[in-house]
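Input: a single structure, listed below in structure tokens.
The values are calculated or read from the model by the stated rules, or taken from the named source; none is laboratory data. This structure is a prediction, so every number in the text was calculated from the model and none was measured. Cβ sites come from the backbone with ideal geometry, for glycine too, and all protein chains shown count toward neighbours. Areas reflect the complete protein model, heavy atoms only, side chains present, ligands, DNA and RNA absent. Shrake-Rupley method; radii C 1.70, N 1.55, O 1.52, S 1.80 Å.
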Amino acid sequence: MKHSLLTAATVACAITTGGLSLSAHAAEEYKLGLVTFLSGAASGPFGIPAKNAADLVIEAINDGTLPAPIEGKGIDGRMITPVYVDEAGGATKQTSEFRNLVQRDGVDAVVGYISSGDCLAIPAVAEELKMLTVLFDCGTPRVFEEADYKYVFRTHSTASMDNIAAARYINDNVPELQSVAGINQNYSWGHDSWRDFTETLKVLRDGDIEITTEQFPKLFAGQYGAEISALQVNSADVIHTSFWGGDTDAFVLQAAARGLLADNQLIFTAGETALNSLGEHLPDGAIIGARGPFGPFAPESELNTWFQTEFTERFGTPPTFPAYHMAHALIGLKLAQDKAGVGASTEDVISSFEGLVFEGPGGKVEMNRGKGHQAATEMVYGRLKRVDGEITFTDITRYAADCVNPPEGTETVEWIQAGMPGAECN
Amino acid sequence: MKQLLAILVDGSVYASWLFIISAGLTLIYGVMRILNMSHGSFYALGAYSGAAMVGWYFSTGSVPWFSFVVLISSALVAGVTVGLLVERGLLRFMYGRDEVVMILVTYAVLLIMEDAIKLIWGVEPYFAYQPYTLLGRTQFMGLSFANYDFMLIGVSILIGLALWYGLNRTQNGKLLRVVIHDREIAGALGINVSKIFTITFLIGAGIGALAGALTAPGLSVVPGMGIEVIVLAFAVVVIGGLGSISGALVGALIVGMARATAVHLYPQVELFVIYAVMGLVLAFRPQGLFAVANARKI
């Protein structure tokens, strides 16, 4: 009798304290550092849509109203409290801001970074501070090609996917393709994009491709008059650009006013962000990419319908790919944390994040590159075509993830130059 | 030949843009000895007010050509009004202080104005592209240029001529040059130096805002745009010699032509060429090409 009373008391105590600790855990906040451009040329088309998506998705996660299959309130029951940081200011400033987030604000994780420069600078600091960090938008393949990281994840594909697919697309869809020209920003993103694009074309065409001019203007230069003239002087069958943000806007406006867009075939690997604001300047036939199956190329699903509808209603404009990237990063983080369980250590969360496969509003995400830390997704291109004044797309081509992403453990350039062995295309 | 033509036109257009941006900066330094860091904010202010008003104007469905008047006048009104506030409300209390202090003060104004712009217009981009395409384009030798860019060349020539005429041929201009030469003696002779300072700052701020407004139609107007151009403007006025209008003109032309040549012939050095030119000029003339001589005081 005495023994059973003791047992009952112990069980009661355990349940009570367990319950208390559970409810205490539930009352805790999940402090999340969110870094995105809140000012500067990248804020309007990139940073702000990403922040809007973060607001929307975090609210839905906290309320537990994200459509199936994403269940549960909060991140492992904890309500997310975002701490926003402006990404403007360069990599040196961002590393200080990252330290502030971790050491002063005491965040549980960081989701951030649009600029490839920042994405190359932050991971080393994340490792040093042992901070779970999800890169949400930057595209440089160098992050996981040049190093292995334990605490860093990226839930979307790299720029290699954009440009390998771009080369495949124009090779398949532009008859009598003989020459290409490029205008890309003068930093890692622009150089990597142009290199992957031209190297892939050389492989696909056995070197039978002429490069008429390679322009690398300064990031956010704003004035592209001379570059546009150079593209007109050195005319090519296709002009490739990986411009993003305010640079896309300025280039589109200036190139349209000078007839470059009407007279030439252009491929914008990250052009989707300009559709809502500058769509009227983009001529029919312009080839547009959305850095993955996002925006107009997103597959139909309950989650995507929810995301598109809620975002458009709340912010007055449809979500573009930076918004999708942010949603994927947050959903990936939540699923990994939930899978690890309540009270799990950072190491446990990392284990459950590695190799995670999940469905976001932009479709399937497989964390199967970079030793399970880097995602590979499919890539889509289409040609812009106006129907009754509305922007639609024709010649939409979807490239499977394994067709346009180098396999695990292979560097992009080496893979391309080797003839892309093992590429599985549809 | 085609390439040479492209270099000349592109270089001239870029130089015009640079000159409009840097003319106000060098004028203020020439007269007031203030290295006005907030010049970039006046540029941004002009771009925002111009873009916002043009956006509104087109939403009313009125005649398109009048948008040029709306663009320029709204920027000038905003630039002069805020310029007056900054000069009368802050800078006049700082006159006579060290140049470094003035840099810090105007830098503070830049930061405040950057935030004020975000407060008023938010962080979403503004577009005012209609005027850019309104004038059409000109085609020759297989090249196509926006007529708006030629208008930019015209405006920069007008500003240059107006400043030259104002400084050299008018009574007030001559008074201004007296103040530039020696502000203490000018004050002792009964010239109202404070008034001349105010007028100069307003002209400088107005030109800065005008530069922003004229740039706005060709790009998206976003926060931080003023800071992007201030570095370029400094490069131009340093090459030309701080405080010299003709120096700013020559500096803008050198930078414009060097950049256009690089883009057409050696695209890989485009990023570097402006600073290479600056380094080269300063190596031979540390005060810039047309530095205003300082009278030695005994």
Chain B, relative contact order [Cα under 8 Å, separation at least 6], % | 37
Carbon/sulfur accessible area of the protein assembly as shown, % of total, 1.4 Å probe, equals 59
Phi-derived 3J(HN,Hα) across segment B:159-174 with the Karplus relation (6.51, -1.76, 1.60, θ = phi - 60°), rounded Hz, x for Gly and Pro, is 5, x, 5, 4, 5, 4, 5, x, 7, 9, 10, 10, 4, 5, x, 5
Between A:Asp388 and A:Ser179, the FRET efficiency computed from the C-beta separation at R0 = 35 Å comes out, to the nearest 0.05, as 0.50
3J(HN,Hα) from dihedral phi, segment A:181-193, Karplus parametrisation 6.51/-1.76/1.60, rounded to Hz, x for glycine, proline | 10, x, 10, 9, 5, 7, 7, 3, 4, x, 5, 4, 4
Reference-scaled alpha-carbon Rg (2.2 N^0.38 Å with N residues) for segment B:16-119 = 1.20
Among A:Gln215, A:Phe297, A:Thr273, the residue whose Cα sits farthest towards the positive end of the charge dipole of segment A:162-305 (+1 at Cβ of Lys and Arg, -1 at Cβ of Asp and Glu, taken about the Cα centre) is A:Gln215
Binned Cα-Cα distance frequencies in segment A:246-404 - 10 Å width, integer % = 10, 34, 31, 17, 6, 2
What net charge do the residues around A:Gln178 carry, taking every other residue with its C-beta under 12 Å from that of A:Gln178, with Lys and Arg at +1 and Asp and Glu at -1?
-> -3
Charge sum, other residues only, whose C-beta stays under 12 Å from A:Ala418's C-beta, Lys/Arg counted +1 and Asp/Glu -1 = -3
What is the Cα convex hull volume of chain A when expressed per residue in Å³?
-> 145
Using +1 on the beta carbon of Lys and Arg, -1 on that of Asp and Glu, and nothing else charged, what's the dipole of the protein assembly as shown about the Cα centre, debye to 20?
-> 3300
Around A:Asp76 (Cβ within 14 Å, Cβ-to-Cβ, excluding A:Asp76; K/R +1, D/E -1) the net charge comes to -1
In sequence order, what are the phi-derived ³J(HN,Hα) couplings for segment A:135-151 according to the Karplus relation 6.51 cos²θ - 1.76 cosθ + 1.60 with θ = phi - 60°, rounded to whole Hz, with x for glycine and proline?
-> 6, 9, 9, 5, x, 5, x, 5, 3, 9, 7, 9, 7, 10, 10, 8, 9
For segment B:221-250 versus segment A:211-231, the gap between their alpha-carbon centres in whole angstrom = 21
Relative contact order %, segment A:145-223, counting alpha carbon pairs below 8 Å whose residues are six or more apart | 35
With 23 Å as the limit, write out which pairs from A:Lys339/A:Lys371; A:Lys51/A:Lys93; A:Lys31/A:Lys334; A:Lys130/A:Lys334; A:Lys334/B:Lys118; A:Lys31/A:Lys371 have Cα-Cα distances beyond it, or answer none.
-> A:Lys334/B:Lys118; A:Lys31/A:Lys371
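Among DSSP bridges having both ends in the protein assembly as shown, what percentage is antiparallel? Round to the nearest 5. Can you show the working numbers first?
Working: 23 of 56 bridges.
Taking every DSSP beta bridge with both residues in the protein assembly as shown, the antiparallel ones total about 40 percent.
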How high is the relative contact order of chain A, in percent, counting Cα pairs under 8 Å that sit 6 or more residues apart?
-> 16
Report the antiparallel proportion of the DSSP beta bridges in chain A as a percent, rounded to a multiple of 5.
-> 35
Taking Cα atoms of segment A:88-151, Rg/Rh with Kirkwood Rh, to two decimals?
-> 0.93
With springs connecting C-alpha atoms under 10 Å apart, model chain A as a Gaussian network and identify which of A:Ile287, A:Ile70, A:Ile58 has the largest mean-square fluctuation.
-> A:Ile70
Mind grabbing the interface size between A and B? I mean buried accessible area, both sides, 1.4 Å probe, in Å² to the nearest hundred.
-> 3000
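With N denoting the number of residues in the protein assembly as shown, provide Rg(C-alpha) divided by 2.2 N^0.38 Å, to two decimal places.
Its radius of gyration relative to the 2.2 N^0.38 Å reference: 1.06.
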Given backbone amide H placed at 1.01 Å from N, residues whose amide H is under 5 Å from that of A:Glu411, ignoring those fewer than 5 places away on the same chain, are none
Give the share of C-alpha pairs in each 5 angstrom bin for segment A:150-268, from 0 to the last occupied bin, in whole percents, shortest bins first.
-> 2, 11, 22, 24, 19, 12, 5, 2, 1, 0
At 222 nm, what helix-only mean residue ellipticity would chain A give, in deg cm²/dmol to the nearest 500, using -39500 (n - 2.57) for each DSSP H run of four or more?
-> -13000 deg cm²/dmol
Intensity falloff of chain B expressed as log10 I(q)/I(0), Debye formula with alpha-carbon point scatterers, at q = 0.12, 0.14 Å⁻¹ = -0.79, -1.07
Nonlocal amide H pairs with A:Lys31, under 5 Å, H built at 1.01 Å | A:Thr81, A:Asp108
Size of segment B:81-124 along its principal axes in angstrom, Cα-based, largest extent first?
-> 40, 20, 9
Ranking by accessible area, most exposed first, for B:Val155, B:Val221 with a 1.4 Å probe | B:Val155, B:Val221
